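Written below as structure tokens is the structure these notes are about.
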Amino acid sequence: MNITDKGSILIVSLFYLITLTSGYFIHESELIREKNEFSQLLVTINSYEINSENNSIVVYEDVGKPQPTKRVYNARSIVAISSMYKQRGYRLDYITEFLKKVGDQDVVVTRIWFSKKIK
């Protein structure tokens, strides 16, 4: 084996060593690095379930489980509901409203998307 063969083997071995070492450090930094995971919350409010006389709103919370959770809050408006969720640490992402026919009446359905960073 001549000197150029030994040099080639040395260069290839160093290349493999550097590649494996850098891959290990990249993998370790991915495991240690804090991941930006968010929990999503979808709040649905039907206009016929807003009762301003009793100061109550029925809200359906959907966090991805099979059935949404029905909650009743003491509030008079959708803005008050979104403020309550913001105080709990949620960030408002989107608000959509659309008309839905329920029986003979048109109902305005408001959907509010929230997200919250998981610690």
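The values are calculated or read from the model by the stated rules, or taken from the named source; none is laboratory data. Keep in mind it's a predicted model, so treat the numbers as computed, not measured. Note that each Cβ is placed from the backbone with ideal geometry, even for glycine, and that neighbours are counted across all protein chains shown. Areas reflect the complete protein model, heavy atoms only, side chains present, ligands, DNA and RNA absent. Shrake-Rupley method; radii C 1.70, N 1.55, O 1.52, S 1.80 Å.
If a residue has to be surrounded by 10 or more Cβ atoms within 10 Å (Cβ to Cβ) and without any contact (Cβ under 8 Å) to a residue 12 or more places away in the chain to count, how many in the stretch 101-119 make the cut? Adding up the residues that qualify gives 1. Only one of the numbered conditions (1) at pLDDT 80 or above; (2) part of a helix (DSSP H, G or I); (3) open to solvent by less than 70 Å² (accessible area, probe 1.4 Å) is not met by Val43, and that is (2). Scanning the stretch 96-119 for residues that are assigned to a strand (DSSP E or B) and under 15 Å from the mean Cα position of the chain (by Cα) returns Ile112, Trp113, Phe114, Ser115, Lys116, Lys117. Taking the conditions exactly as written (open to solvent by 50 Å² or more (accessible area, probe 1.4 Å) and among the aromatic types (Phe, Trp, Tyr)), does Tyr73 satisfy them or not? So Tyr73 fails the test. Of all the residues in the stretch 60-90, those that are part of a strand (DSSP E or B) and either within 19 Å of the chain's Cα centre (by Cα) or of a type in the set (D, E, K, R) (or both) number 6.
The number of residues in the stretch 97-111 being modelled with pLDDT under 85 and closer than 20 Å to Val59 by Cβ comes to 1.
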